[in-house]
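Structure first, then comments.
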């Protein structure tokens with residue numbers, strides 16, 4: 001009788017462990033992508049004098065996604081990260097303003 005009471009909970013934890021393993025692999029790939037993005041953004045900043053706005057937004061949303069994986073993995077939430085939830089929206093930049101390409105061809109910083 002006690003097996004019936006504990007088996008749904010056991011199945012639940014088994015499924016969660018499987019999802020945690022999947023998201024661990026996703027974490028490894030996303031971590032590599034974020035590291036590459038940091039290097040590309042650094043090179044862009046050195047060349048143009050300001051960071052790229054698109055890379056800033058993608059980097060922020062990717063870091064929020066990694067945080068979602070961490071919250072799920074540490075049992076802080078039951079909500080599985082993307083693709084089961086919406087992709088995190090980037091927040092407004094708090095650091096440097098992004099590089100804006102001039103319309104007339106002359107380089108300027110914001």
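The values are calculated or read from the model by the stated rules, or taken from the named source; none is laboratory data. These numbers come from a predicted model, not from an experiment. Quick reminder, even Gly has a Cβ in these numbers, built from the backbone with ideal geometry, and neighbours come from all protein chains shown.
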Exercise. (1) at pLDDT 85 or above; (2) surrounded by fewer than 16 Cβ atoms within 10 Å (Cβ to Cβ): which one isn't true of residue 97, the others all being true?
Worked result: (1)
Exercise. If we scan region 34-41, do we find a residue that is surrounded by 10 or more Cβ atoms within 10 Å (Cβ to Cβ), in contact with a strand residue (DSSP E or B) (Cβ under 9 Å, 6 or more places away or on another chain), at pLDDT 90 or above and in a helix (DSSP H, G or I)?
Worked result: yes
Problem set entry | Candidates 27, 82, 19, 87, filtered to the one that is part of a helix (DSSP H, G or I), modelled with pLDDT under 95 and surrounded by 13 or more Cβ atoms within 10 Å (Cβ to Cβ) | 19
Exercise. Within region 55-94, how many residues are out of contact with any helix residue (DSSP H, G or I) (no Cβ under 7 Å at 6 or more places or on another chain), touching a residue at least 24 places away in the same chain (Cβ under 8 Å) and over 30 Å from residue 16 (Cβ atoms)?
Worked result: 2
